[in-house]
1. With everything on Cα atoms, drop me the angle between helix 2-11 and the longest principal axis of the chain, reported from 0 to 90° to the nearest 10.
2. By how many nm would the segment from residue 455 to residue 339 lengthen if fully extended, with 0.36 nm per residue of separation less the alpha-carbon distance?
3. Find the accessible area per residue for segment 18-161; the probe is 1.4 Å, ligands and nucleic acids are left out, and the unit is Å².
4. Given the C-alpha centroids of segment 384-458 and segment 144-185, what is the distance between them in whole angstrom?
5. How much accessible area per residue does segment 167-483 have, in Å², with a 1.4 Å probe?
6. Along Cα→Cβ, 7 Å out, is where each label goes; now give me the distance between the ones at residue 515 and residue 350 in nm to one decimal.
7. What's the long-distance tail for segment 167-483, i.e. % of Cα pairs beyond 31 Å?
8. Note down the nm distance, to one decimal, between modelled labels 7 Å out along Cα→Cβ at residue 289 and at residue 243.
Amino acid sequence: MAIIALSLGISLGSCKRQEASDLTRESLIPLPVSVAATGEYFTISEKTDIYFKGESEELKQVAQQLADRLRPSTGFEIEIIQASSEPKRGSIYFLLTGDGTNPADESYELTISKKFMKISAVNPSGAFRAVQTIRQLLPPEIELSTVGEGPWMVPTGIINDNPDYSYRGMMLDVARHFFSVEDVKRVIDLISYYKLNVLHLHLTDDQGWRIEIKSWPNLTAHGGSTEVGGGEGGFFTQEQYSDIVKYAQQRHIIIVPEIDMPGHTNAALASYPELNCDGKARELYTGINVGFSSLCVRKDITYKFVDDVIRELSALTPGPYFHIGGDESHSTKPEDYVFFIEKTQEIVNKYGKTVLGWDEIATTKLSEGSVAQYWAKAPNALKAVEQGAKVLFSPAVKTYLDMQYDPSTKLGLHWAAYIEIDDAYDWDPATLVEGIGKEFILGVEAPLWTETITHIDELEYMVFPRLAGIAEIGWTPPLKRDWVDYRERLAKHGERLKAMGVDFYQSDRIPWPETVQK
Ligand code: TNX
């Protein structure tokens, strides 16, 4: 064995990695379902081309995305070629094995040999997930936009992979502080690297209305004009929102839009006096308290409003879900709350969407397919399950990205908990709440509320690296997950995050390599 390693070392000359490779020891996050190593290397060189088989434009785009990632850092002119014959030695080869009947299937097989790298997937989304694996198998410098030396070597073997949960998301609150289209695209790029497939946008709240509704223009003109702390706020035009949706789609991520109702609606109540029971417009609000606002539940105009908003936004949203909020409606009478949520679910369904709502909506009669997002009250989540509904797991004590890491964290809040990297990683949705096993769980989502977060750098600091752990919970089966092993893999990701320019929290619970430490 030693002799083989030595002779390999000599033949590789100046290569950095001279020993036999071991694909099973690569620091992949999320950890794949199965990895088998064959001990050699595939090397991306100036001769490497990327082939794709068949007519799928989406598959071609995935091949293109890999090439676009490789070109700047390798400096190679990597071509995309439709495969007519067996791809030539040294190339990367994409093909689809599915017939399109199960579009939700994100599985892929990545076969890496000395001669080629082959990605076979049921759907283009699986191929896209495989590309993230490939990026993580290359040296971290692959993420830079300047040409590096390489060598661009990947350990050989076979990876068979698919997600444990079909919904793996992050939520971004653009209402408390507004974030630009460019910021949202950056978030999409980063979460796609960890194989998430949902970005939930919290588009409205007391402090701001952030999505243009053409039939109610004052929502953004007035309701979007400020934010927490009194800044200038902002909003997405419908065109910008569609641009985000498309950008996400190309990264195999769906956008879930949220209009939070009937509470958390001060921005709307300030924009249109008729939405208030007393017919008087409210003042704009720039504080951070919750629970004081409510739509006027028994007025007809309220449902004209709700219908228009859901209609316009559903038409711009190809994904299946529409999130109606429903949390902390402390100034809505309980019977009014039930009336409102039941009626609003019907409207969402009428426009062809499935309802998502915070766990409080399970205190009402859920319509077919509605999903409760468990954030605070386990009894609510259980009520959803009793009604035969699925639950999306976002327990605040584990997944809230606005919770401080520890008492010294300058940003964020701590009403639910301090959440260190291990707290966010080391739990299992399927055993967290007695009575809610895996069969009732749609997936996991980590929300970033932005009362205290104003810039993309701050956002990155709160999101990373905790989100990588949530991503692994959503993807990797619990039996394969282990904190001690994860900690080592995450440490290695420090260099990758750094290469991507991510401003992440350098927890002292992670053995970061020296090159990463500030
Ligand atoms: C609770 S989570 C809220 C949000 C706040 C968040 C701050 C939820 C459904 N409601 O309105 O932004 O806490 O951590």
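1. It is inclined by approximately 90 degrees.
2. So the extension gain works out to 37.9 nm.
3. Each residue of segment 18-161 exposes 43 Å² on average to a 1.4 Å probe.
4. Centre-to-centre distance over Cα atoms comes out at 20 Å.
5. Value for segment 167-483: 34 Å² per residue.
6. Label at residue 515, label at residue 350, 5.9 nm between them.
7. Numbers: 11873 of 50086 pairs.
Here the tail beyond 31 Å accounts for 24 percent of pairs.
8. 3.8
The values are calculated or read from the model by the stated rules, or taken from the named source; none is laboratory data. Everything numeric in this text was worked out from a predicted model, so none of it was measured. With ideal geometry, Cβ positions are generated from the backbone for all residues, glycine too; neighbour counts draw on all protein chains shown. These accessible areas exclude ligands, DNA and RNA; they are computed on the full protein's heavy atoms, side chains included. Shrake-Rupley method; radii C 1.70, N 1.55, O 1.52, S 1.80 Å.
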